[in-house]
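Reading through the structure tokens given below for one structure.
Taken together, the values in this text are just the output of simple stated rules run on the coordinates, not laboratory data. Just so it is clear, the structure is predicted and the values come from calculations on it, not from any experiment. FYI the Cβ positions are ideal-geometry reconstructions off the backbone, even for glycines, and counts take in every protein chain you see.
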Amino acid sequence: MIAEITAAYEAGKTAYTLAKAISDVSHDVRVNEKVIELQQLILTLQNGVFVAQREIDSLAKAKADSDEQFKAYERWDEEAAGYKLIQLPPGVNVFALRRVEGDTTPPHWLCPKCFMDRKKAFLQKEHRDLSTYHCQNCKLELDPEHHCTPQYV
Ligand SMILES: [Zn+2]
């Protein structure tokens, strides 16, 4: 809770208590009626403070979510820079891993459809003897020529 919101709420609580104390010592009906009005206004004020705090919390969460999405976007850009779009015969597009000195990640292909959706999805052969590659995410099937295997670019 923000300190100013807490202070406003506590001030309202104190004002409510003071109004009750005035009502307890006063025997004047008009004063007591005004004290009740004052207490109702104080309760309305406290409710407004609570609503404002909830809105502040909601906005803080939305900002944190937005910051995280932005970081994920930046992370994807770094990840994507490690791949290059290539075309395999007979015209099958895939993203292939770039060679990086010292990196032991085996060469592989990524699904072009998922890549454009900013997702890293491997293309895998389901049967050793077939040339069809399947995306593990979107189930896209690609059929490069039989001799094509993932290589670094
Ligand atoms: Zn895919």
- Could you tally up the Lys pairs in the chain with alpha carbons closer than 29 Å? Skip any pair fewer than 8 positions apart unless they're on separate chains. 24
- Take the Cα radius of gyration of the chain and divide it by 2.2 N^0.38 Å, with N its residue count; two decimals is plenty. 2.19
- Task: Compute the signed sum of charges (Lys and Arg +1, Asp and Glu -1) over the other residues within less than 15 Å, Cβ to Cβ, of L130.
- Result: -3
- Item | Distant-in-sequence amide H partners of K125 (H built 1.01 Å from N, under 5 Å) | H134
- Item | Rg/Rg_ref, region 3-74, where Rg_ref = 2.2 N^0.38 Å and atoms are Cα | 1.76
- Would you kindly work out the equivalent ellipsoid of region 82-142 from its C-alpha gyration tensor and give its semi-axes, the square roots of five times the eigenvalues, largest first in whole Å? 19, 14, 12
- Specify the residue with the greatest mean-square fluctuation among K125, K34, K84, computed from a Gaussian network of the chain linking alpha-carbon atoms under 10 Å apart. K34
- Mind telling me which of D67, D24, D77 comes out most flexible in a GNM of the chain, alpha-carbon contacts under 10 Å? D24
- Query: Given q = 0.12, 0.25, 0.27 Å⁻¹, what are the Debye log10 I(q)/I(0) values for region 53-117, with equal point scatterers placed on the Cα positions and solvent ignored?
  - Reply: -0.49, -1.07, -1.14
- Calculate the spin-label point distance for H127 paired with R98, positioning each point 7 Å from the Cα along the beta-carbon direction, and give it in nanometres. 3.7 nm
- At a Förster distance of 25 Å, what's the computed FRET efficiency of K34 paired with E10, Cβ-Cβ distance as r, to 0.05? 0.60
- Item | Charge dipole magnitude, Cβ of K and R +1, D and E -1 - region 1-135, Cα centre, debye nearest 20 | 580 debye
- Task: Let me have the relative contact order for the chain, percent, based on Cα pairs under 8 Å that are six or more residues apart.
- Result: 15 percent
- Query: Taking region 72-153, which chymotrypsin sites (Phe, Trp or Tyr not before Pro) meet the DSSP loop condition and have no more than 15 other C-beta atoms within 10 Å?
  - Reply: Y152
- Per DSSP H run of n ≥ 4, the term is -39500 (n - 2.57); total these for the chain, divide by its residue number, and report the mean residue ellipticity at 222 nm rounded to 500 deg cm²/dmol. -18500 deg cm²/dmol
